[in-house]
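The values are calculated or read from the model by the stated rules, or taken from the named source; none is laboratory data. The shown structure was predicted, so the numbers you read here are calculated from the model rather than taken from an experiment. Cβ: placed from backbone, ideal geometry, glycine included. Neighbour counts: every protein chain shown. Areas reflect the complete protein model, heavy atoms only, side chains present, ligands, DNA and RNA absent. Shrake-Rupley method; radii C 1.70, N 1.55, O 1.52, S 1.80 Å.
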Amino acid sequence: MLAGHEPVLIDRSDRDSRAAVAMIIDSSGSQSDPNVIFIERAQDPKDPWSGHMALPGGRCETSAESVVDAARRETQEEIGLYLPCDGLLGRLDDLQGRHAGRSQGLVISCLVFGVDKKAVFTLNHEVADIVQVPFSVLLDKDNHTTIEYPAPGSERYPAVRFVPDDSRVIWGLTYRFLRQLVGLFGHCLPES
C-alpha cells in the first residue's frame with residue numbers, strides 16, 4: 001500500500017523552510033501489530049511545540065539536503081536510532097507547519113521507515129521520552145478523543161490517547177500524518 005502511494009508534495013516557496021520527520025514502524029515485537037515510535041518533546045520555552053508528542057525530525061540544514069537525509073540525520077541525533085536507506089517504506093503527503101492555526105512558513109515531509117530489530121535509544125536534550133504505541137491502540141475508537149488548544153478562539157482538535165490516565169496525546173501535525181498513514185491501510189481516524 002505505502003510503496004504504491006504517490007505523495008502530494010508541496011513546492012517550497014523562497015520564504016518557506018523545509019523539514020522532515022520519520023514515522024518509524026517497529027515490527028520487532030509483532031508483525032501483526034507493529035509499534036509506531038513517538039517522541040515526547042522536551043520542555044523548552046522557545047519551542048512552540050514544547051512537551052508535545054511528535055515524530056523525530058527537524059529542519060533541513062541546507063537547501064541541498066534531501067528530506068530523506070534530514071529525517072535520518074534528525075532521528076539519529078534526537079533518539080540515537082540509525083535508519084538505513086533500505087528501511088524507507090514510503091512517503092506521506094507534505095503538510096504545512098502551523099502553530100495556533102497560523103502558517104509557520106514551513107513545509108514538512110513525513111518519511112515512513114520500517115525497523116525489525118529491537119532498538120536501543122539514546123535521547124538528546126530535545127527529547128524527554130520515547131513511547132512505542134501498537135497500531136491496535138492507535139486504531140481503538142475508545143482511545144480517540146479531542147484536545148482543546150489554548151489560543152484565541154480555542155478550538156477542539158482530534159487526538160489519540162495511548163495510555164489510560166496519561167494526559168499525553170497524539171494530535172496536531174503528528175496526528176495528521178498518522179491519519180494519512182492509517183488511511184492508506186483502509187482505517188480511519190476522526191477528521192478535524
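Note down the net charge around Asn143, summing +1 for each Lys or Arg and -1 for each Asp or Glu among other residues with Cβ under 11 Å from its Cβ.
Overall, the nearby charge balance is -1.
In nm, to one decimal, how far is the Asp142 label point from the Ser66 one, both placed 7 Å along Cα→Cβ?
Output for this residue pair reads 4.3 nm.
Give the shape of the stretch 25-100 as rounded, prolate or oblate, defined through the alpha-carbon gyration tensor: a ≥ b ≥ c are the square roots of its eigenvalues, a/c under 1.5 means rounded, and otherwise the shape is prolate if a/b is larger than b/c and oblate if not.
Since a/c reaches 1.5 but b/c is at least a/b, the shape of the stretch 25-100 is classed as oblate.
When ligands, DNA and RNA are left out and all protein chains stay put, how many square angstrom of accessible area per residue does the stretch 17-86 have with a 1.4 Å probe?
For the stretch 17-86, the solvent-accessible area averages 45 Å² per residue.
Under a Cβ-only charge scheme (Lys and Arg +1, Asp and Glu -1), can you give me the dipole magnitude of the chain about the Cα centre, in debye to the nearest 20?
Dipole of the chain, to the nearest 20 debye: 220 debye.
Rounded, prolate or oblate, given the Cα gyration tensor of the stretch 153-192, with a/c below 1.5 counting as rounded?
oblate
In the chain, carbon and sulfur make up what percent of the accessible area (probe 1.4 Å)? Walk me through the intermediate numbers first.
Values: 5070 of 10270 Å².
C and S fraction of accessible area: 49 percent.
If you take the square roots of the eigenvalues of the alpha-carbon gyration tensor of the chain and sort them as a ≥ b ≥ c, do you get rounded (a/c under 1.5), prolate (a/b over b/c) or oblate?
Since a/c stays below 1.5, the shape of the chain is classed as rounded.
Once phi is turned into ³J(HN,Hα) by the Karplus curve 6.51 cos²θ - 1.76 cosθ + 1.60 with θ = phi - 60°, what whole-Hz value does each residue of the stretch 3-10 show in order, with x for glycine and proline?
4, x, 6, 9, x, 7, 9, 9
Roughly what % antiparallel, to the nearest 5, for the DSSP beta bridges in the chain?
Once the DSSP bridges in the chain are tallied, antiparallel ones form about 75 percent.
Under the 0.36 nm per residue contour assumption, what length would be gained going from the current alpha-carbon distance of Asp129 and Leu184 to full extension? Show your work: numbers first, answer last.
Values: separation 55, 0.36 × 55 = 19.80 nm, distance 2.79 nm.
Contour length minus Cα-Cα distance gives 17.0 nm.
Amide H to amide H under 5 Å from Ile25: which residues, 5+ apart in sequence or cross-chain, H placed 1.01 Å off N in plane?
Phe113, Gly114, Val115
So what are the ³J(HN,Hα) numbers for the stretch 21-27, from phi and the Karplus equation (6.51, -1.76, 1.60; θ = phi - 60°), rounded to whole Hz, Gly and Pro as x?
So the Karplus estimates, Gly and Pro as x, are 10, 10, 8, 9, 9, 9, 9 Hz.
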